[in-house]
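Take a look at the structure below.
Laboratory data are not the source of any read-out in this text; all were calculated from the coordinates shown. Just so you know, these numbers come straight off a predicted model, no measurement behind them. Here the Cβ is made from the backbone with ideal geometry for all residues, glycine too, and neighbour counts use every protein chain on show.
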Amino acid sequence: MVVIVINDFIAALLIGLLGAGHCLGMCSGIASAITFSSHTSKNKISAFSSLFLYNIGRVSSYSLAGAIFAGSSSALIVFFGGKEALIYLRVFAAILMLCLALYISRLWFGLVHLEKVGQFFWRFIKPIAQYFLPLKHPALALPLGFLWGWLPCGLVYSTLSWAASSGNAENGALIMLGFGLGTLPAMLTIGSLSQQLKFTLNHHYFRYTSALLLSVFALHTFYIAVQQLS
């Protein structure tokens with residue numbers, strides 16, 4: 001069981017790394033605003049501290065979401081259908097992961113519809129998050145990042161569906177933690193390196209390679225789940 005959890009953590013970490021180009025597109029604006037507000041005081045340490053705390057808050061929100069969804073799905077599955085229902089959830093997660101591969105490759109944008117569902121909840125969270133802008137102190141970047149982590153994102157939702165099928169809240173939190181840590185290298189380069197990195201991550205070779213790797217992972221997950229059902 002421990003080996004499976006470690007493998008899931010590493011796989012989620014890779015998903016975060018491969019999907020980093022999408023993260024830059026979604027969150028670079030708010031992250032740039034944070035660093036800009038800190039740079040106005042000509043304090044680079046303050047700017048990096050704000051960016052770092054923002055990302056810690058963002059990753060924490062992913063972990064909490066993973067714990068909530070995995071814990072809730074585990075309780076519901078035990079109540080309704082036992083372990084077999086958990087396998088069906090894993091099949092659904094594999095399908096969403098395949099959709100994510102198509103999304104990253106920009107061959108199909110079906111996950112946009114899933115993001116639109118999240119907009120309903122985001123409209124209640126966004127006003128609270130904007131209360132912290134502009135930042136008056138680097139420490140306020142932590143709650144800002146935690147709130148901004150709930151921004152509707154197909155990449156997050158796809159990984160979250162997989163975390164929900166992990167069996168318990170601890171595993172779900174660990175999977176989403178791995179995913180969040182995978183996005184950190186790209187998100188911490190906001191500034192002088194961000195444009196160059198964004199160009200590399202959004203290059204079609206990188207996108208297609210990432211999509212291919214995600215597709216292989218999705219198909220492998222789907223195959224294992226079907227084998228468990230037979």
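Test of understanding: ordering S73, S46 by Cβ neighbours within 10 Å, fewest first, what list do you get?
Fewest-to-most Cβ neighbours within 10 Å comes out as S46, S73.
Just to be sure I understand: with springs between alpha-carbon atoms less than 10 Å apart, which residue in L213, L64, L147 has the highest mean-square fluctuation in the Gaussian network model of the chain?
L213
What does the charge dipole of region 2-229 about its Cα centre add up to, to the nearest 20 debye, if the Cβ of each Lys and Arg holds +1 and the Cβ of each Asp and Glu holds -1?
The dipole of region 2-229 has a size of about 620 debye.
Just want to confirm a number: the relative contact order over region 2-229, from Cα pairs under 8 angstrom separated by 6+ residues, in percent.
Result for region 2-229 is 41 percent.
Which residue fluctuates the most in the chain, going by a Gaussian network model with Cα springs under 10 Å, if the choices are L53, L76, L17?
Evaluated over the chain, the most mobile residue of the options is L76.
Counting other C-beta atoms within 10 Å, which of Y103, Y157, Y54 has the fewest, and how do the rest follow?
Y157, Y103, Y54
Student exercise: in the chain, how many lysine pairs 8 or more apart or on different chains have Cα atoms under 28 Å apart?
Lysine pairs meeting both conditions in the chain amount to 9.
Using alpha carbons only, how many degrees (0 to 90, rounded to 10) separate the axis of helix 82-105 from the longest principal axis of the chain?
50
How large is the Kirkwood hydrodynamic radius of region 74-165, in angstrom, based on all distinct alpha carbon pairs?
Radius from the Kirkwood sum: 15.2 Å.
Put +1 on the Cβ of every Lys and Arg and -1 on every Asp and Glu Cβ in the chain; which of F132, L76, G118 then has its Cα farthest towards the positive end of the dipole?
So the residue furthest toward the plus end is F132.
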